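> Below are the C-alpha cells for one structure; questions will follow.
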Amino acid sequence: MKILMYNAVADELPYVKQWSEKTGHEVVTIDQPLNEETVNRASGFDAVSTQQTTSVNPPVYERLSQLNIKQIALRQVGYDVFDLPAAFANHVRLSNVAAYSPRAIAEYTLTQLFNLIRHNKKFDRAMAQGDYTWAAGGQAREIHDLTVAIIGVGRIGTALAEMLHALGAQVLGVDPVYRAQNEPFVTYTTLDEALRRADVISFHTPLNDETRGLADHAFFEKVQPGTIMLNFARGEIVDMTALESALASGQLAGAAFDVAPNENDFMDQKQTVDELPENIQRLVAYDNFLLSPHIAFYTNTAIKNMVEMALNDAVIMVNGGFTQNEILR
Ligand code: NAD
C-alpha cells in the first residue's frame, strides 16, 4: 500500500521509517499541509494522513474521492480540523489518535508535582545567585503523605492515579463516570469533599460547559489553605485571575500548569520575556508557580504512537476494516 503523509515533521520521520520496514507499506512524507493546492499530490496513493495544525476544507474530500482515496488518518486527537459533513458526503472515512500516550502526560504531571514539593524552582533561583543554603528553598513534603484529588479520572487521570497510589499517596477521584477497575487505587468522591480533603488538586477533564471556569474564586475558597494545583488539561478550566489571588494569599502553596487560556498568544513561539502576556509575566515571577509550554505529551513513545496508530488505521480503513479510532460523528 502507498500512503502519503502530509504535514510530516522531523520528529516523526524515524518512526515512519520503522513502521514502513515493519509492515512493508510505502510511506511518502511531505511537509506541506493537506489542502486544495496539495491534494493532487495524493494521486496514485492508496491512503493519506494529516496533522491537526491545518484545517481540511470541503473541496479536499471531493478531490480525494475522485482520486479513489477513501480515508484520512489524523495523527492527533483534535479532529475539529475536519469538515465532517463534507467528508461523509464524499464517503471519506476519518480517524484520529485519541490516546497516544496517557502515561506521558501523567508522568510529567507527577514530575512537576515533585518539583513543587521539593521547592526546586526556589532552590535553582537561589543557587543561581550563589545561595546554597537549605533555608533558600525550605523543607519539602513527601509524596506518601499527600492526598491528591484527580478531577477527571479518564485515561490520563487513571494513569496518574496508578502512579500516585504506587508511591503511597492517597488518591481521591471526581468523575461523573465511575470505573470499577479503578477501585483498587482511587476513592471516588464528590468535588466538594475532594476540595475539602486534598493537599493537591489535578485537572484531567476535557474542556466542556461544566469544566470551563470550574476553578473560580468560589472554588479556591473551598480548598484547604496551602493546597497545590496542577493543570495539565486545558487552560480555560482555571480562572487565571482567581489563581493569581490564591497564590498571592497563600491559599495555594504552589501550582504547575502546562496550559493557559491565552497560550496561543505565546506558546510554541519565541519572544522576549517582556513580550509575554502580562499575567504570565506576573505568574512566572512566583517561585511556586511552574509553567511549561504544553509539552506534557511530548515523548518519544507518544510521537511513535501517533505515527503508528494513524498509519495502522489508514491501512485498516483502506481494507474496509473496523478501527475504534474512526470518527463517526
Ligand atoms: P478522557 O476522555 O479519557 O478522560 C476525561 C475524563 O474527564 C472522563 O473520565 C470524563 O468522564 C471526565 N469528566 C468530564 N467532565 C467532567 C467533570 N465536569 N468533572 C469531572 N470529570 C469530568 O481524556 P484524557 O485522554 O484523559 O485527556 C484529558 C484531557 O487532558 C484532554 O481533554 C486534554 O484537554 C488534556 N490533554 C493535555 C495534554 C498535554 O500535553 N498537556 C495532552 C493530551 C490531553
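> Under the Kirkwood approximation applied to all pairs of distinct alpha-carbon atoms, what is the hydrodynamic radius of the range 1-105 in Å? Please list the in-between numbers first.
Working: mean 1/r = 0.0712 Å⁻¹.
The Cα-based Kirkwood calculation yields 14.0 Å.
> Could you give the distance between the Cα centres of the range 25-100 and the range 233-269, to the whole Å?
Each part's Cα centre sits 35 Å from the other's.
> Would you kindly give the portion of the calculated P(r) for the range 22-70 that falls above 13 Å, as a percent of all Cα pairs? Don't skip to the answer; put the middle values down first.
On the way: 660 of 1176 pairs.
Result: 56 percent of Cα pairs exceed 13 Å.
> May I ask for the equivalent-ellipsoid semi-axes of the range 108-228, computed as the square root of five times each C-alpha gyration tensor eigenvalue and listed largest first in whole Å? Let's see the in-between values first.
Values: eigenvalues 166, 56, 33 Å².
Taking √(5λ) for each Cα gyration eigenvalue gives 29, 17, 13 Å.
> Between Leu13 and His144, what is 0.36 nm times their sequence separation minus the Cα-Cα distance? Round to one decimal in nm.
43.1 nm
> Please list, ordered by chain and number, the residues whose modelled amide H lies under 5 Å from the amide H of Val77; skip anything fewer than 5 residues away on the same chain.
For Val77, the qualifying residues are Val97.
> For the range 237-329, what's the relative contact order in percent, using C-alpha pairs closer than 8 Å and at least 6 residues apart? Write out the running numbers ahead of the final one.
Working: 44 pairs, mean separation 24.0, N = 93.
Reported as a whole number, the value is 26 percent.
> Could you tell me the largest-minus-smallest coordinate of the C-alpha atoms of the range 232-329 on each of the three principal axes, in descending order and whole angstroms?
Principal extents (largest minus smallest coordinate, Cα): 59, 29, 24 Å.
> Take the Cα radius of gyration of the range 185-273 and divide it by 2.2 N^0.38 Å, with N its residue count; two decimals is plenty.
Relative to the 2.2 N^0.38 Å estimate, the range 185-273 comes out at 1.12.
> Report the relative contact order of the range 25-157, percent, no decimals, based on alpha-carbon pairs under 8 angstrom and at least 6 residues apart.
Details: 140 pairs, mean separation 23.1, N = 133.
Over the range 25-157, the number comes to 17 percent.
> Could you please rank Thr23, Thr227, placing first whichever residue has the fewest other Cβ atoms within 10 Å of its Cβ?
On the way: Thr23 15, Thr227 20.
Sorted ascending by nearby Cβ count, the order is Thr23, Thr227.
> Can you give me the Rg/Rh ratio for the chain, using Cα atoms for both radii and the Kirkwood formula for Rh?
Details: Rg = 22.5 Å, Rh = 21.8 Å.
So for the chain, dividing Rg by the Kirkwood Rh gives 1.03.
> Would you mind computing Rg(Cα) / (2.2 N^0.38 Å) for the range 132-190, counting N as its residues?
Values: Rg = 14.3 Å, N = 59, 2.2 N^0.38 = 10.4 Å.
The range 132-190 yields a ratio of 1.38.
> Scan the chain and hand back the longest stretch that contains none of the chymotrypsin sites (Phe, Trp or Tyr not before Pro) lying in DSSP loops with at most 14 other Cβ atoms within 10 Å.
Values: sites that count: Tyr132, Tyr178, Phe322.
For chymotrypsin sites (Phe, Trp or Tyr not before Pro) (loop position, at most 14 other Cβ atoms within 10 Å), the longest site-free span of the chain is 179-321.
> For a footprinting-style exposure proxy, rank Ile150, Ile69, Ile117, Ile156 by other Cβ within 10 Å, fewest first.
Working: Ile150 30, Ile69 23, Ile117 19, Ile156 26.
Placing the least packed residue first, the sequence is Ile117, Ile69, Ile156, Ile150.
> When 1/r is averaged over all different Cα pairs and the result inverted, which Kirkwood radius in Å belongs to the range 40-149? Intermediate values should be presented prior to the final figure.
Details: mean 1/r = 0.0551 Å⁻¹.
Taking every pair of different Cα atoms in the range 40-149, averaging 1/r and inverting gives 18.2 Å.
> For the chain, what is the mean residue ellipticity at 222 nm derived from helices alone (per DSSP H run of n ≥ 4: -39500 (n - 2.57); sum divided by total residues; nearest 500 deg cm²/dmol)? Each step should come with its number before you reach the end.
Numbers: 11 runs with 112 residues, N = 329.
It comes out at -10000 deg cm²/dmol, rounded to the nearest 500.
Bear in mind that the values in this text are calculations on the coordinates, not laboratory data. All values derive from a computational prediction rather than experimental measurement. Quick reminder, even Gly has a Cβ in these numbers, built from the backbone with ideal geometry, and neighbours come from all protein chains shown.
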